[in-house]
Amino acid sequence: MAAYQQLREELADANTTVQQLQADVRERDRQLKERQNQENIVKLVQTIAGEPTHANELKQRLNEYIRELDKCLAYLKE
């Protein structure tokens, strides 16, 4: 019976580790998507705005919109 209990504990520990790793993967995916969005914004801004001052303003606005969209999507997932 002691061996059975030990196996159950090891399985529980393994399940906890799997859940933590899955959460880490989800977080990394989120970070990757955020970086990709930022890269796309920079490319878009460089294409649209010729002047650096306009580019910064446009980039800031787009970043704000994307953050708001991310918040909305996170809310909808809950």
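The values are calculated or read from the model by the stated rules, or taken from the named source; none is laboratory data. A quick note: this is a predicted structure, and the numbers were derived from the prediction, not measured. Backbone-built Cβ (ideal geometry, glycine too); neighbour counts: all protein chains shown. When the accessible area is computed, the model is the full protein with side chains, heavy atoms only, and any ligands, DNA or RNA have been set aside. Shrake-Rupley method; radii C 1.70, N 1.55, O 1.52, S 1.80 Å.
Remarks
- The set of residues from the range 40-63 being modelled with pLDDT under 75, of a type in the set (Val, Ile, Thr) and open to solvent by less than 100 Å² (accessible area, probe 1.4 Å) comprises 45, 53.
- So residue 34, is it at pLDDT 80 or above, open to solvent by less than 80 Å² (accessible area, probe 1.4 Å) and touching a helix residue (DSSP H, G or I) at 6+ places or on another chain (Cβ under 9 Å): yes
- Test: residue 66 is open to solvent by less than 80 Å² (accessible area, probe 1.4 Å), modelled with pLDDT under 80, part of a helix (DSSP H, G or I) and of a type in the set (Val, Ile, Thr): no
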